[in-house]
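Each remark here refers to the structure printed beneath this line.
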Amino acid sequence: MDGALHIVSDVMAQRVVAVGREATFKEIVRLMQEWKVSALPVLEGEGRVVGVVSEADLLPKEEFRDSDPDRSTQLRRLSDLAKAGSVTAGELMTSPALTVRANETLAQAARTMAHAKVKRLPVVDELGVLQGIVSRADLLKVFLRDDEDIAEQIRREVVSYLFPSPASAVRVGVRDGIVTLTGRIRDTSLVPVAARLVRAVEGVVDVTFDLSGPDPSVAPSIDASAPSPGREESTSPA
């Protein structure tokens, strides 16, 4: 993967198995086993996503198959008990479906997955029509990026911007996605800024710094054309 910011459409699977509202319980289980997926989009009309049925939606049927829950459990798990008695995708699905757009960034999709604690998300267009599906594994593809590609992007977009002169003062090394910046910089207060920018580069696993301030043994350069401190520049009388 190159240095451009990647979006969901770059990594999503376009071949998606889905079901309609009338799909039966056993059909759903069979498709999940056959395709080795943990959830299926539920479609209606011209392919609009109206829900998602997942393994979590199916498990209550087995959990409550031979049990008689007490009153407290019934009140606390009313939704699960309803799903235990459901037989079609329309009854079992979680709706409305949590989805993403194809032009969202991978970071946005990852945050949506993390907050909702789901393993995959249907990708839809502006009308809610299914375009593909993106999984956790798809989002992790950015970490397959070549180390030298990462290093070159950091040199170009971070080092040259924050530490522009001299260009060789800060060196960038990347190994297994872990970035190391070494050298001397004029302003050490920029290190936290550099950390945020480097971590935002796709494929970066972590970043470490071995940066120090200006060498105290090197005197700052003085502009020879400027007047000496404490002395006014003399002028000749006309």
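Coordinate-derived values only; no laboratory data. Computed from a predicted structure; not experimentally measured. With ideal geometry, Cβ positions are generated from the backbone for all residues, glycine too; neighbour counts draw on all protein chains shown.
For the stretch 8-142, lysine pairs with C-alpha atoms less than 18 angstrom apart, excluding pairs fewer than eight positions apart on the same chain, total 6.
Taking trypsin sites (Lys or Arg not before Pro) across the stretch 31-61, the ones in a DSSP loop with at most 16 further Cβ atoms lying within 10 angstrom of their Cβ are Lys36. The calculated Kirkwood hydrodynamic radius for the stretch 145-212 is 11.6 Å, given to one decimal from all distinct C-alpha pairs.
In a DSSP loop and with at most 13 other Cβ atoms within 10 Å, the trypsin sites (Lys or Arg not before Pro) in the stretch 138-188 are Arg186.
Its Cα gyration tensor gives the stretch 96-192 an equivalent ellipsoid. The semi-axes, each the square root of 5 times an eigenvalue, are 37, 14, 12 Å from largest down.
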